[in-house]
Amino acid sequence: KAGVTQTPRYLIKTRGQQVTLSCSPISGHRSVSWYQQTPGQGLQFLFEYFSETQRNKGNFPGRFSGRQFSNSRSEMNVSTLELGDSALYLCASRTADGGLNTGELFFGEGSRLTVL
Amino acid sequence: GEDVEQSLFLSVREGDSSVINCTYTDSSSTYLYWYKQEPGAGLQLLTYIFSNMDMKQDQRLTVLLNKKDKHLSLRIADTQTGDSAIYFCALAPNSGYALNFGKGTSLLVTP
């Protein structure tokens, strides 16, 4: 069974540009979450999607957005990039319909974004 | 986050046991996880414990949970150089969809 797949693995952008990251969850998983990992702030929750609906959103500005498609694949977009957006963006998927107290969360390898 | 604390570094010799500690403030957490991150990789789920358990053993891994002191630990027996990585403690809230992670403990295993 394939794991969570994220593309691209690495990318470099300049300030002001926008970026789209893609995540394909484990087959059968309908919930997809996104996390940002930086050395200073650690792992921070961005948002979570289930059945094409955003169920929860972390404390990030509106420049960060996402969506989920009918096949459960998800994308996140960051517009007007800032230097501080440089980070590893991790996608995670899970099976359960309910909250996190009902199942394991499986992470992808991440997309490493560098903003120059 | 700020509600989950871990020491930043731990160094042990190959063959010794490693103990990675985590303290937290949210006592309503139902699942408590340990993840491992190797350089350049994502997070690998190692093990987890349900909040009504005190201990869970899984091969070389032992998780201890002290709910009174809000303290979680991960013991790795017979630590190997391949265990060198960053270990994250993470708590699942009683409701909601976001894991609350510690900053991670960097484990270095020396020959």
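The values are calculated or read from the model by the stated rules, or taken from the named source; none is laboratory data. As the structure is a computational prediction, the values presented were derived from the model and not from experiment. Note that we place each Cβ from the backbone using ideal geometry, even for glycine, and neighbour counts take in every protein chain shown. All accessible areas refer to the heavy atoms of the entire protein, side chains included, with ligands and DNA or RNA removed. Shrake-Rupley method; radii C 1.70, N 1.55, O 1.52, S 1.80 Å.
Computed quantities for the displayed model
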{"quantity": "Extreme residue, positive dipole direction of the protein assembly as shown, given options A:Leu21, B:Gln44, B:Val63 (C-beta unit charges)", "calculated": "A:Leu21"}
{"quantity": "For residues of A:40-50, the mean tally of beta carbons on other chains within 10 Å", "calculated": "4"}
{"quantity": "Residues with amide H under 5 Å from that of B:Glu14, placed H, sequence gap 5 or more", "calculated": "B:Thr110"}
{"quantity": "Inter-part distance where region A:15-38 and region B:1-78 are each reduced to a Cα centre, Å", "calculated": "26"}
{"quantity": "Distant-in-sequence amide H partners of A:Gly66 (H built 1.01 Å from N, under 5 Å)", "calculated": "A:Asn77"}
{"quantity": "Accessible-area composition of chain B, carbon plus sulfur, in percent [1.4 Å probe]", "calculated": "49"}
{"quantity": "Buried area at the B-A interface (accessible, heavy atoms, 1.4 Å probe, summed, Å²)", "calculated": "1900"}
{"quantity": "Å² per residue, accessible surface of chain B at 1.4 Å", "calculated": "48"}
{"quantity": "B:Thr30 paired with A:Ser86, simple spin-label distance in nm, labels 7 Å along Cα-to-beta-carbon", "calculated": "4.1"}
{"quantity": "In order through region A:4-18: 3J(HN,Hα) via Karplus (6.51 cos²θ - 1.76 cosθ + 1.60), integer Hz, x for Gly, Pro", "calculated": "6, 10, 10, 9, x, 6, 9, 7, 10, 10, 10, 3, x, 6, 10"}
{"quantity": "Label-to-label distance, nm, for residues given as A:Arg73 and B:Lys67 (7 Å Cα→Cβ offset)", "calculated": "4.4"}
{"quantity": "In sequence order, calculated HN-Hα J values of region A:60-67 (Karplus, 6.51, -1.76, 1.60; Hz; x Gly/Pro)", "calculated": "10, x, x, 5, 9, 9, x, 7"}
{"quantity": "Reachable lysines, given that their alpha-carbon falls under 25 Å from the alpha-carbon of B:Lys36 and they are not under 8 places away in the same chain", "calculated": "A:Lys1, A:Lys57, B:Lys56, B:Lys67, B:Lys70, B:Lys103"}
{"quantity": "Mean accessible surface per residue for chain A, computed with a 1.4 Å probe while every protein chain stays in place, in Å²", "calculated": "45"}
{"quantity": "Where Rh is the Kirkwood radius over Cα pairs, Rg/Rh for the protein assembly as shown", "calculated": "0.97"}
{"quantity": "Kirkwood hydrodynamic radius of chain A, from inverse mean 1/r over distinct Cα pairs, in Å", "calculated": "14.1"}
